[in-house]
Structures are given as structure tokens and as C-alpha cells.
Amino acid sequence: MNDNVYSLFETRFRADEDAACLWLPDRDDWRYADLEDRASRAAGALVDLGVQSGDRVVTQTEKTPEALALYLGCLKLGAIYVPLNTAYTVAELEYFLSDAKPALLVCDPSHGTNVSVERQRPGMVDPWATSGAGPQAEPKAPAVGHAEQVESDVPIETLDASGRGTFADRMDAAQVLESTVSRTVDDIAAIVYTSGTTGRPKGAMLTHGNLSSNARTLCDAWGWRSDDVLLHALPIFHVHGLFVALHCVFVGGGSMVFLPRFDADSVIEQLPRSTVMMGVPTFYTRLLARDAFSRDVCQGMRLFISGSAPLAAQTFAAFEARTGHRILERYGMSETLMSTSNPLVGERIGGTVGFALPGVEARIANDGGVLGEGEIGGIEVRGPNVFRGYWEMPDKTAEEFSSDGFFQTGDLGVMDGEGRISIVGRAKDLIISGGYNVYPKEVETLMDDMPEVSESAVIGVPHPDFGEGVVAVVVPRDGPVDVAMVERALKDRLARFKQPKRVICVEDLPRNVMGKVQKNALRERFANLFA
Ligand code: MLC
Ligand code: AMP
């Protein structure tokens, strides 16, 4: 038996070959036969490029059907898919290339990535290679102000926002790869990069078994139907849009309205033909801000799902009042895929993330052991959804698991007598802005290197649109530090969404008796900054 997750999808693709798969607002729609053909050609094109099973393929592309075919082609060939946020700068991209050591990079030439296939130079730009980057830090890279070209010896192919480029040409010319390469449940299907408290991104290795078990579980839990139409407006470089959303359709059936990005007006236009939508909380607050978002446009909808960041109780209530729908909130992570969900049938309670999914164990624990009902502690998860570890970081992997095999999520929660979990905070220093994770350490490390800055603390404070807004509190070396200067300095080194929306100068950072910066005090002090 072949446990390649693509085999699972393929069965459905073939059963529904004439059915619509992707509804594309500005292009001809794709049937399942089209998707399967393009995926098999993408696999063939990868073979032509010398990519083999087990090789990594890094992609940084816009959301197009061709990019989706490339993802499926990687799976079919047994290559390891490594998607990157399109917001990452060239400097960040170069780090990922040096870490993942891929056989191929497929990227959009318009991302300011002046693509070249030059040989790798001796000291690559590494935005994380500074003295404060923690135990994994490598020697500091030579100071490089701008990185406008990807400088790497990795072969590069292009795929642009219209689905054209050298890789698209190769797909057209390639033979289809007929058979799906055999994989076991433990073989790695994808590596998803996520940062951490050291600020240095780690690649979470997800197996074919992780992907197929989570997809099956979610289809059951959310009652996926063969006539469902998913409104897909999420990016496809993170687990939410890539695995959770796509796989429900590929395993459970139906079709999807495949929007290139979230835009409230386009979503409202497409809602009447849809039955299910998945989004981060910002999607729902942005919809509620539109008068045209009404009970009427949601008439055909059966389910709205939210995740990736806390859904405010106020949003949950306002959404129900406006549409009559109670948003179903679920909880997951790159490392664990989806772990808990509110029930499809039964009470969905705002401010809670529901019960451990079938087959998944979730518990609340601290150093002293497993905690009981109503006690706050770290959320820990074990099951077939939990990743295999961090790419080439066995020590880091070991640190994150308990002795009995539970993954320590770094989220703080509490469980009620029925097993329902609420997230109450984070043990990890993390900001979630519009569903994207920002690790303060990553920003602080770069800010502390600026000659104008003596020290900095990066915090998240309530933001009406993004949930949390990134704020940098800095102690200037001498004279004021202004946002424009910080923006200029960070522009080429950090993705836009990680950059502080405000920079505030203070004389000193508040510290506790141990000398640790008290971020809680800063969060309280600046809580109303974006109000
Ligand atoms: C864009 N910007 C952001 C931002 N997104 N800033 C902070 N946080 C964000 N999330 C910047 C833009 O670069 C721009 O900068 C400015 O903010 C305004 O942009 P916009 O046009 O309003 O933003 P938009 O392009 O509409 O994007 C907002 C968004 C998007 C919410 C639609 O961020 C998004 O799609 N988020 C989804 C994230 C996601 O899929 N997360 C899943 C992770 S998986 P400028 O230059 O104009 O100042 C995971 C596990 C799990 O967490 O459980 O699911
Ligand atoms: P990522 O590393 O991008 O996969 O983000 C995972 C993190 O997102 C989790 O560890 C949580 O902190 C957060 N998260 C995901 N879903 C929820 C949710 N429903 N409520 C609160 N936080 C969430």
C-alpha cells in the first residue's frame, strides 16, 4: 500500500474527473481532470529538472492553480515541499535556502527578487546570524545593507501571479509522471518554517501520515460533503490555507472558489455560491465592517471556521447577530496541524477552541505534571497529527517533547470538566498579527544591531484589524529614533508584516529583580496605542 498522501487525493480526483474543482473568478475554471493532469505534469517537470524523491523544493509564489499543481506534483514525486511566505525578503529567502538545501527554488520574479543563478558567495546574508540569536546562532555574517538578488547555487525556476514562467513552460512540455512514488506514513511530505524564541526559523517536518490523518479527521469532524463549495481566500504557504483548507476538499469532495488573496468585497461577492469558509479572525472583522455583509449573502453557507489566532468573543457575538452563524473555532499549529475543534453538532462556545479531535490527545500540564480541571498550564498534544521534528535540529526537537511523547505547544490553556479547552495566553514570546506569527526576538535582534538603538523590546498590543499590532519599544543610544529610519533599516531584512507598526522611545525598559524585561508592563502601558 502506498501511504503517499497524494494517493489519497488521486482516488478522488479520478472519481470526480469531470466535476469542477477550482472556480477561478478571472480565468477558466479547472476540473479535477485538469488538476490531476497539471499535477502529474508538474511532477514530470520536476523529474526533468533532476529533482528526486526526498529532495526539497522551496517555493515562494503567488496563489495560482499552477502553484497548487506544483505542490501536488512535489507530493506525487515524493519530493519535500517547502512553501515560503511571499512577504519574505530576499535576505530571509537566502536563509531558508541555506537551511533547507533544496534541489530547486520556484519563485515569482516580481517580488523584487532579481533572480540570478550566481554561485553562492562566501558569507551569505543571514538576518538571524547575530550575537543575540541564541544557541543555534552561527558566526555573525558580514554587514550587508541590501540583498536585492538571491545569491545561491540552487537552480531557480519562475512562476508568476498569472501562473506563467519558466516552470509553467516546463509543465506544458513535460510528460506526465504516471505513477505516484511510494511513501510511508513516516516519510516527510513538507517542511513548514516557523520561528521561535531564538528568533531563528526552524523547519517543521510534516509527514505523509500527518497530512492524511489530519485531513480525514477534519473531514469527519466538520461533516465535509461532496457538494461543499469552499471559499478559499487564505494564502497557500501556511498550514491553514495549504493543508487544512485544500485537503478537506481533496479528501472530502466538492469544489472551491480559489481567490488569489483575501479581499472583503470579493469574498462577499463569492459567498452566495459557497457553503464553507475558513479564515483568520481578521477576515471576519473585515467582513463585519462591510454593510454589504448580511444574513442574505450567507444564506447558502453551512459553516464558518476560524483559527490561527484568537477569535475575540466580541467578533463571535457580532458575527452571530449579523448572520445567524456561530463561527466554529479550532486550534492548531504548524507542528501539530489541527489539534482541537469546537463541535459541528453541539454547542460552539466563543472564546474556547473546543475538544481534542478524535485520535488526538490534548492535556494541560506544567513542570509538576498533568493538571486538572480548571487549572492553567501549557497545552500539550500527542497523536498522528504531530510532526516528526525540526529539520536538522534534533536537540531542539527533543526539547519540545515531554518524556512521554507529548509536544509542548507553548500555548497556555485551561480545560473544563468535559474536556473543552480555552486558550488563555502564551508561554512563548510570540505576537500573532492578522494570523501571521512574529517572534519578537527576531525583530529585537535586528533592532539592537542598529547604531541608534541601545536596546529594544518588541511587543504585541491590541489592534482592531490585525488582532495584535507589532510595537517596538526602544531605548535610543543618543537622540530620538524614528519609525522611518527603522523601516528603512528593516525593509530588506524582514517581511513587512513583522515590521513594527509603531516605534516608541523610552528612557529605560522596565525590568524585574532578575533583570528580565517586563513585557507585560509594556503591553499594559501601550494597550490603547491602536484603539
Ligand atoms: C499585511 N500586512 C500586515 C499583515 N498582512 N501587517 C501585519 N500583519 C499582517 N497579517 C501589511 C501589508 O504589508 C501592508 O503594509 C499593510 O499591512 C496593510 O495591508 P493590507 O492590504 O491591509 O493587508 P492584506 O494584504 O489585506 O493582508 C491582511 C490579511 C493577510 C489578514 C488578509 O495578512 C492574511 O491573509 N493573513 C492570513 C494569515 C494566515 O493564513 N495564517 C495562517 C498561519 S497557519 P504597508 O506596506 O501597506 O504598510 C497557523 C496555524 C493554524 O497559524 O492554526 O492555522
Ligand atoms: P503557527 O506557528 O503559524 O502554526 O501558529 C500556531 C499558533 O497560532 C499556535 O501556537 C497558537 O498560539 C495560535 N493559534 C492557532 N489557532 C488558534 C486559536 N484558535 N486561538 C488562539 N490561538 C491560536
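Values quoted throughout were computed directly from the atomic coordinates according to the rules given, and no laboratory measurement underlies them. What you see is a predicted model, and the numbers here were worked out from it, not measured in a lab. Virtual Cβ from ideal backbone geometry, glycine too; neighbours counted across all protein chains shown.
Summarising the amide proton neighbourhood of Thr340: residues at separation of 5 or more, or on other chains, whose placed amide H is nearer than 5 Å comprise Tyr331, Leu357.
Subtract the Cα-Cα distance of Arg388 and Ala527 from 0.36 nm times their separation in residues, and report this length gain in nm to one decimal.
Details: separation 139, 0.36 × 139 = 50.04 nm, distance 3.81 nm.
Contour length minus the Cα-Cα distance gives 46.2 nm.
Where does the Debye-calculated log10 I(q)/I(0) of the stretch 269-308 sit at q = 0.15, 0.20 Å⁻¹, using only Cα point scatterers of equal weight, no solvent? Listed by q, the Debye log ratios stand at -0.33, -0.59. Suppose the Debye formula is applied to equal point scatterers at every Cα of the chain; what is log10 I(q)/I(0) at q = 0.06, 0.08, 0.10, 0.13 Å⁻¹? For the chain at q = 0.06, 0.08, 0.10, 0.13 Å⁻¹, log10 I(q)/I(0) is -0.28, -0.51, -0.82, -1.44. Working note: Karplus 6.51/-1.76/1.60 with θ = phi - 60° gives the stretch 418-433 the couplings 8, x, 7, 9, 10, 8, 10, x, 9, 7, 7, 7, 9, 10, 10, 10 Hz, where Gly and Pro are set to x.
Each residue of the stretch 253-265 is assigned a 3J(HN,Hα), and the resulting list reads x, x, 9, 9, 7, 9, 8, x, 6, 6, 8, 4, 5 Hz, derived from the Karplus form 6.51 cos²θ - 1.76 cosθ + 1.60 (θ = phi - 60°), x at Gly and Pro. Within straight-line reach of Lys76, meaning a Cα separation under 24 Å, sit the following lysines at least 8 residues removed in sequence or on another chain: Lys63, Lys101. Pairs of lysine residues in the stretch 431-525 that meet both criteria, 8 or more places apart or on different chains and Cα atoms under 20 Å apart, total 8. Each Cα pair under 8 Å and six or more residues apart adds its separation to the average, and for the stretch 248-337 the resulting relative contact order is 26 percent.
Extent along the principal axes, Cα only, for the stretch 20-84: 34, 24, 15 Å, with the longest axis given first.
Kindly provide the Kirkwood hydrodynamic radius of the stretch 431-525 in Å, to one decimal, from all pairs of distinct alpha carbon atoms. Don't skip to the answer; put the middle values down first.
Numbers: mean 1/r = 0.0744 Å⁻¹.
Taking every pair of different Cα atoms in the stretch 431-525, averaging 1/r and inverting gives 13.4 Å.
The distance between label points at Ser266 and Asp18 comes to 3.1 nm (points 7 Å beyond Cα on the Cα→Cβ vector). Under a 5 Å amide H cut-off, with hydrogens placed 1.01 Å from N, Val453 pairs with Arg477 among residues at least 5 apart or on other chains. The string of couplings for the stretch 367-373 from the Karplus curve (6.51, -1.76, 1.60, θ = phi - 60°) is 4, x, x, 6, 9, x, 3 Hz, one whole number per residue in order, with x for Gly and Pro. Put the Cα centre of the stretch 9-37 next to the Cα centre of the stretch 268-309 and the gap is 24 Å. Look at the alpha carbon pairs under 8 Å that are at least 6 residues apart: their mean separation over the length of the stretch 398-468 gives a relative contact order of 21 percent.
With 20 Å as the cut-off, how large is the P(r) tail for the stretch 239-317, expressed as percent of Cα-Cα pairs?
Values: 925 of 3081 pairs.
The proportion of pairs with Cα distances above 20 Å equals 30 percent.
Restricting to Cα pairs below 8 Å that are 6+ residues apart, what does the relative contact order work out to for the stretch 431-525? Please round to a whole percent. Intermediate values should be presented prior to the final figure.
On the way: 154 pairs, mean separation 25.6, N = 95.
Relative CO of the stretch 431-525 lands at 27 percent.
Treating the Cα atoms of the stretch 319-382 as identical point scatterers in vacuum, please give the log10 of the normalised Debye intensity I(q)/I(0) at q = 0.19, 0.26 Å⁻¹, two decimals. Here the Debye-derived log intensity ratios amount to -0.80, -1.15. Summing Cβ point charges (Lys, Arg +1; Asp, Glu -1) relative to the Cα centre of the chain gives a dipole of roughly 720 debye. Distant-in-sequence amide contacts of Arg426, defined by a placed amide H-H separation under 5 Å and a gap of 5 or more residues or a different chain, comprise Leu412.
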